[in-house]
Structure formats: structure tokens, C-alpha cells
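First comes the structure, then the notes that go with it.
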Amino acid sequence: MTEESLRLAAADWLVRLQERPDDAALKDAFDDWLDADAGHVIAWARMAETADAIADGEPAFRDRWDAVPGGIPPSRPAPAPRHTGWRFHGRRRLTIAAVAAVCVGVLAGPSLLLHLRADHRTGAGETLMVAMEDGTHIRLGPDSAIVASFDKGHRDIRLLSGQAWFEVRPDKARPFRVMAGHVTTSVLGTGFDVRMIGTATSVAVRHGRVRVEAQDMPARELTAGQWAMATADTALKTGTEQPDLIGAWQSGDIVARRLTIAAAIDELRPWFGGHIIVTDASLAARPISGIYHANDPAKALETMIHPYGGRVTRITPWLLIVSGH
């Protein structure tokens, strides 16, 4: 099984165990699944540690993640003997603790590195207006980070994560550039949006003009109402949008035009201070259109999936699992 399929299987077990906590047969089946493959243990460790590490209170199934030395919770119930309870003992207990510790590093590492590199950064659900020394104003979206490099000959901003809106003060002597992934946007004076959402980097212009370059692809010029998007392995795509809808996230709105549910959830994730996991690939591929209010992520998520019979299970305040019928 792939890492992704293992992760989805662990998420499915988490939902089922929460919904049927007194089902002895289900617990036995869960034990059998864990014992069948070491990859299952690691996947469960990651899933359980995610739930526990981000929980704002007592997580679901805390009794199944009992405390271990050093304060790191184990990430699965003990497989043997079943009538003696769910605790880990000895070397195996320490092994699971080590796996859990690695999982904490996986969760915290990228966020910590961004915090150390960034000049300006926001958390989940936060936005921030930054006034630069040249008169340019930058509004950071939620869970976003930038690094600025200004001198006499240039003004460069690197978007490390998330999204940002730019109102650029013209200065022909100091070109203004925004780097996001492998996409570079050069500006004369304009209001535009640069976003790194999911695997795509996009630029959209509300007013003015920009030039967009992506790796070895020909540069494209965009004017009001035009956008360009690229991923690491696809060509630069362009299109149009109503100018007043560009940058709608500044008002806390997600505008979905024929997006898949998976892509819409990627738009929603920065507004939610935790993790959203989708276990149903067919549901994730369904198309939706609409305007969703990101300031209430759980409600927005339910609105997205309701027409297709999907459901949202809240494992902890900061872990939502989306499943199909």
C-alpha cells in the first residue's frame, strides 16, 4: 500500500473507533489490522499523534494512547494479550514512543522552519496587513509567510507559504518582484494576488499589469481580470475572472468555480487551525461551485460536501475527517 492509502486507512479506523467505542469485535479487527503489517503501525502512530498533538483538550480515544516515558503518547493500543488492556510495555513501548516523537517532528518541523525564515507570518485563520518602507502594502492571508529583500536596485518578496495581496507603489528605479515556488511575478504598479495553495502557484490581477514567469516557460503579461497558474510539472495556464472576485479571501470568502472538493478543501485548510483529512477519493473528485465563508471552516466544509452525501467527523477540535456515504 502507498503512504497515502495507509494514511486514509488509519483515518478510517479512527472514525470507526470513535463512532463505536464499545464494539469489541471492531477493536479485535483493529488489532488484527495493526498486527498485519508494520506500515499499519506507523500509519496509526502518525494519525493518532496528529490527533493528540493538535488537540485543544482531551483527545478521542486517549485511553488508547496512554502516556509513555517522556510525556509522548503512544499511538496505538497494545496488541497482546487483549484481555489485559491496551498498554505498551518495555522495549516495544519505547519504540512506539520513538515513532510518535518522529511524528511530532514531521508535524512541527515545516512550521518551525517557516517561522525562523519569515519576516512576516500569520497563523491559521489570521490575516495581517504589512506596510513596507516604499509605501507598498501587503496583506498576508491565513497560514502564510514572506521574506522581504529591499535595496537601492530592487524590491523582492518571496512568498514562503500561503497567499498574499499586493498593492505596489510604483518605482521604476527599483523593480518589484514576487517569487513563489518556481513562479516569478514582476510588477510596475498594481493590485494583485499571489497564492500557493495545494500544489499550484497562481497570480491574479485586479488592476494594473504584471509579467509572470515560470521556470523555462515563456513569460506572460496579465492585466485586470486575468490569472495564471502553474504547478511544478505543468505548463503555465491562463484565464479570466471577474476583477472584483480576485482576492475575495481578504473578506474571508472562498470562491469556487468548478473546483473539485479536494481543491476547495485546500483553499479552506489555511483558515482551520488543525488538520482536514479526506478518506473518500470519489467524493474528493466531485465538482462544486459557490462562495463559502472560510471564517467558519467546519460549516463551510459541511456545505461543500452535503450535496454529495458526505459527512464530517470531528475527532478533536482540530482534526476533521471527511468521508463519503
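State all residues of region 151-176 that are more than 23 Å from I246 (Cα to Cα), of a type in the set (D, E, K, R) and surrounded by fewer than 18 Cβ atoms within 10 Å (Cβ to Cβ); if no residue qualifies, say none.
The answer is D151, K152, D171, K172, R174.
Looking at region 239-280, which of the residues that are assigned to a helix (DSSP H, G or I), under 19 Å from the mean Cα position of the chain (by Cα) and acidic (D, E) is farthest from R7 (Cα to Cα)?
E267
For the subset of region 182-228 comprising residues that are farther than 18 Å from R158 by Cβ and of a type in the set (V, I, T), which member is surrounded by the most Cβ atoms within 10 Å (Cβ to Cβ)?
V205
Based on what the data block shows, is G125 more than 25 Å from D233 (Cα to Cα), touching a Gly at 6+ places or on another chain (Cβ under 7 Å) and either outside any strand (DSSP E or B) or of a type outside the set (G, A, S) (or both)?
yes
Say whether the condition of being at pLDDT below 90, surrounded by fewer than 20 Cβ atoms within 10 Å (Cβ to Cβ) and not assigned by TED's automatic domain parsing to the domain that holds H275 is met by at least one residue in region 130-150.
Scanning region 130-150, I find no residue that is at pLDDT below 90, surrounded by fewer than 20 Cβ atoms within 10 Å (Cβ to Cβ) and not assigned by TED's automatic domain parsing to the domain that holds H275, so the answer is no.
Is it the case that R121 is crowded, with 19+ Cβ neighbours inside 10 Å, within 24 Å of L268 (Cβ to Cβ) and at pLDDT below 95?
yes
Are there any pairs with C-beta distances below 6 angstrom linking a residue in region 15-32 that is farther than 17 Å from I315 by Cα to a residue that is of a type outside the set (S, T, N, Q) and outside any helix (DSSP H, G or I), with the two at least 6 apart or on different chains, and if so which?
Sorted first by the residue in region 15-32, then by its partner, the pairs are L26/R20; D31/P79.
In region 7-37, what count of residues is obtained for those that are of a type in the set (A, V, I, L, M, F, W, C) and over 15 Å from I321 (Cα atoms)?
Matching residues across region 7-37 total 8.
Scan region 179-194 residue by residue and report those that are closer than 15 Å to G247 by Cβ and assigned to a loop (DSSP other than H, G, I, E, B).
Correct list: T190 only.
Cβ-Cβ below 6 Å, separation at least six or inter-chain, first residue in region 297-325 and without any contact (Cβ under 8 Å) to a residue 12 or more places away in the chain, second outside any loop (DSSP other than H, G, I, E, B): which pairs?
From region 297-325, the pairs are E302/V312.
The values are calculated or read from the model by the stated rules, or taken from the named source; none is laboratory data. Predicted model only: the values in this text are computed from it and were never measured. Backbone-built Cβ (ideal geometry, glycine too); neighbour counts: all protein chains shown.
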